[in-house]
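Have a look at this one before I ask anything.
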Amino acid sequence: MAKVKVYSTPTCPWCHRAKDYLKEKKVDFEDINVAEDQDAAQEMIEKSGQMGVPVLDVDGEIIIGFDQEKIDVALKKEKKK
Amino acid sequence: MYDTIIVGAGIAGLTAAIYASRKRMKFEIISSDFGGQFMVSGEVLNYPGIVNTTGAEFFSIMKEQMKFNNINVKIETVKKIERIKPNFKVITEKGSYETKTVILATGARARKLGVPGEDKFANKGLTYCSICDGPLSKGKDVAVVGGGNAALEAVDFLKDIVSKINILTVKDKFTGHEYLIEKVQNNPKVNVIFNAKTTEILGDRFVKGIKYEQDGKQKQLNVQGAIIEIGRVPNTEIVKNLVELDDHGHIQIDCQGHTKVPGIFAAGDCASGHEYQYVIAAGQGCMALIKAARYLAGKKEK
């Protein structure tokens with residue numbers, strides 16, 4: 001399974017969409033609340049070079065925003081390995 | 001041949017789809033995303049029958065409601081709508097749909113300031129979605145640009161998160177709902193700056209400040225976040241040669257949702273009369289669909 005992290009805020013509807021999508025696809029992920037965890041917020045900003053949420057980290061591949069196609073591609077890559 | 005194609009899946013389009021489904025019409029609802037602008041709303045406190053909810057909660061209920069009515073939103077981007085008299089052809093990047101009527105519910109998007117630094121710092125401290133990215137400004141000083149409901153809501157949302165909020169508006173007063181104005185003006189964290197024209201967003205990697213002009217003088221604020229809420233622009237570019245638009249680009253409709261083209265109806269924030277309210281979008285979506293059904297019934301009789 002791919003190691004997936006979702007950096008999100010509780011109030012951000014697109015974050016909910018992203019997480020719902022992963023759940024639908026039965027992909028396990030770590031949900032990181034960057035509104036609470038300042039260190040994680042910093043980590044997200046370092047990784048993505050920006051401050052918008054959600055940010056997904058799929059085995060090191062950084063996806064900014066809820067981008068269904070990019071998520072699919074990143075998850076497929078992992079399966080092939 | 002479809003009875004109707006609904007373009008857009010915000011509240012207006014989804015409401016039209018519920019009615020289309022229950023009327024057993026042959027239809028599709030096509031949109032580049034599901035949810036429209038309620039995806040970026042924080043609290044919702046003025047929808048009849050719902051005391052208090054959020055955009056995210058509203059979204060999950062709508063999703064359930066679509067399932068209940070066997071509605072699948074086609075996630076495609078409509079590129080063009082052609083008239084093939086007496087019908088229409090809706091063309092997306094994936095295919096085309098011939099239909100007897102069209103419901104335009106394409107909504108609106110955030111208006112940009114159009115100042116230097118705006119694009120450079122987008123998502124780098126500058127955001128058009130306070131409830132999404134606002135929590136990342138925890139303990140920081142921010143500037144909210146705008147003086148209407150969306151700007152006031154942003155201030156109200158941010159008040160418990162950030163350290164200080166400056167709100168800048170070009171006008172000499174706020175234009176939003178009174179209850180929001182009271183909340184904002186009574187908050188000691190908020191610094192209100194009227195008659196301020198934002199001229200530049202400053203920063204290096206991320207936002208560090210905002211420049212504005214007030215009474216002919218150049219001024220500057222040091223802030224680590226900029227939230228832009230200066231109104232909306234209707235998403236009507238794809239239909240500008242098809243239907244009549246008003247001076248601001250909204251689709252001209254009568255009080256029953258008819259555009260100037262028989263068979264094309266419009267509803268919600270893309271249409272004239274736009275007050276950017278959920279309830280109005282829902283009502284107009286319902287109206288447009290029912291009028292489209294009547295239009296179809298009238299054609300059959302002939």
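Bear in mind these aren't lab numbers, they're just calculated from the coordinates by the rules spelled out. Computed from a prediction, not measured in an experiment: that's the story for all the values here. Counting neighbours? That spans all protein chains shown, and the Cβs are built from the backbone with ideal geometry, glycine included.
Report the Cα centroid-to-centroid distance between the range B:13-65 and the range B:106-141 in angstrom, as an integer.
Taking the Cα centre of each part, the range B:13-65 and the range B:106-141 sit 25 Å apart.
Can I ask one more? In the protein assembly as shown, what % of DSSP beta bridges are antiparallel (nearest 5)?
50
Quick check: the angle from helix B:278-301's long axis to the longest principal axis of chain B, C-alpha only, nearest 10 degrees?
20
What FRET efficiency would be calculated for the residue pair B:VAL279, B:LYS94, taking the C-beta separation as r and a Förster radius of 30 Å, to the nearest 0.05?
Once the sixth-power term is evaluated, E becomes 0.35.
Could you work out the pair-distance distribution P(r) of the range B:126-228 from its alpha-carbon pairs, with 5 angstrom bin width and percents rounded to whole numbers?
3, 14, 27, 26, 20, 9, 2, 0
Name the cysteines of chain B that stand alone by the Cβ rule: no other cysteine Cβ under 4.7 angstrom.
B:CYS255, B:CYS270, B:CYS286
When only Cα pairs under 8 Å and 6 or more residues apart are kept, what is the percent relative contact order across chain B?
Averaging sequence separation for qualifying contacts and normalising by length gives 20 percent for chain B.
With everything on Cα atoms, drop me the angle between helix B:11-22 and the longest principal axis of chain B, reported from 0 to 90° to the nearest 10.
Result, in degrees: 20.
Once each part is reduced to its C-alpha centroid, what is the distance from the range B:153-214 to the range B:224-242 in angstrom?
Their Cα centres are 20 Å away from one another.
In the structure shown, do any of B:LYS23/B:LYS79; B:LYS67/B:LYS89; A:LYS25/A:LYS76; A:LYS19/B:LYS23; B:LYS89/B:LYS299 have a Cα-Cα gap over 22 Å, and if so which?
B:LYS23/B:LYS79; B:LYS67/B:LYS89; A:LYS19/B:LYS23
Just grab the label-to-label distance for A:MET1 and B:ASP215, each label 7 Å out from Cα along the Cβ direction, in nm (one decimal).
6.3
Between B:VAL170 and B:ASP119, take the C-beta separation as r, use R0 = 22 Å, and let me know the FRET efficiency to the nearest 0.05.
Approximately 0.60, to the nearest 0.05.
In nanometres, what is the gap between the two model label sites at A:LYS77 and B:LYS159, each 7 Å from Cα along Cα-to-Cβ?
Going by the 7 Å Cα→Cβ label model, 4.5 nm.
Give, as a single signed number, the net charge of other residues whose beta carbon lies under 10 Å from the beta carbon of B:LYS260, with Lys and Arg counted +1 and Asp and Glu -1.
Spelling it out: positives minus negatives among the neighbours equals -2.
Would you mind ranking B:THR53, B:THR169, A:THR9 so that the residue whose beta carbon has the fewest other beta carbons within 10 Å leads the list?
Ascending number of Cβ neighbours within 10 Å: B:THR53, A:THR9, B:THR169.
Give the angle, between 0 and 90 degrees and rounded to the nearest 10, that separates the Cα long axis of helix A:13-24 from the longest principal axis of the Cα atoms of chain A.
The angle comes out at about 30 degrees.
I would also like to ask the following. Label-point separation (nm) for B:ILE61 and B:THR199, each offset 7 Å from Cα along Cα-to-Cβ?
Label at B:ILE61, label at B:THR199, 4.7 nm between them.
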